[in-house]
Amino acid sequence: MQVTLGLGSAGIHPGRVQSELQYLDQPAVAEGFTYTLSTNYLERPIALGFQLVTDDTAPARQVGLQLRAPDGTFLAAVPVGDVQPASTTYLYSFLASLTTANSAEAGQIVSPLFNFVIPDDYSFTVTIANVGAADQISNIVYYADRFSTGPDGYPIGGYNLEDLEARAVVTANQG
């Protein structure tokens, strides 16, 4: 995990930010994957990338990206701009800086990524339609700006009132 405190990408900054690069675990064969945003953070996704190697059992794969609320409610989707043929290796890049999908060129597909601040416990799900039995996603990398909501998970600017009252009493007794 790579972290840079205090520096963030251009755009919205709803509080103290840390840019973070994460390497996600490889999913099982013939499956997409889900990444759930961390508790106690709001996140502004910057990039999500991975590699998909396809077998020869299905003619074409269609990869998609979905955003879901903590209860599983579907919120948004980003389909990619092209399909991936059988027996190929493609690199997928979802970038917040894009507004339209680009087709495959030399085994690469580039698509937009959700370009807004997302609450904790929401999740991204990468799906593969027409998946082959030996298809494999690997080399998953996720880069985002994270905005701390505090150790107690309060919204930015929120405080634990009991803690504030205790601090006020200590301060008053010292004065």
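Can you give me the relative contact order of the range 41-120 as a percent, contacts being Cα pairs under 8 Å and 6 or more apart?
Normalised by residue count, the contact order of the range 41-120 is 38 percent.
If you take the Cα Rg of the range 21-110 and divide it by 2.2 N^0.38 Å, with N the number of residues, what do you get?
Ratio of Rg to 2.2 N^0.38 Å for the range 21-110: 1.16.
Which of the peptides 19-25, 139-145 is most tightly packed, and how do the rest follow, going by the mean number of other Cβ atoms within 10 Å of each residue?
With the highest mean Cβ count within 10 Å placed first, the list reads 139-145, 19-25.
Read-outs throughout are calculated quantities, based only on the coordinates presented, and are distinct from any laboratory measurement. Predicted model, so just to flag it, every value in this text is computed and none were measured. Cβ: placed from backbone, ideal geometry, glycine included. Neighbour counts: every protein chain shown.
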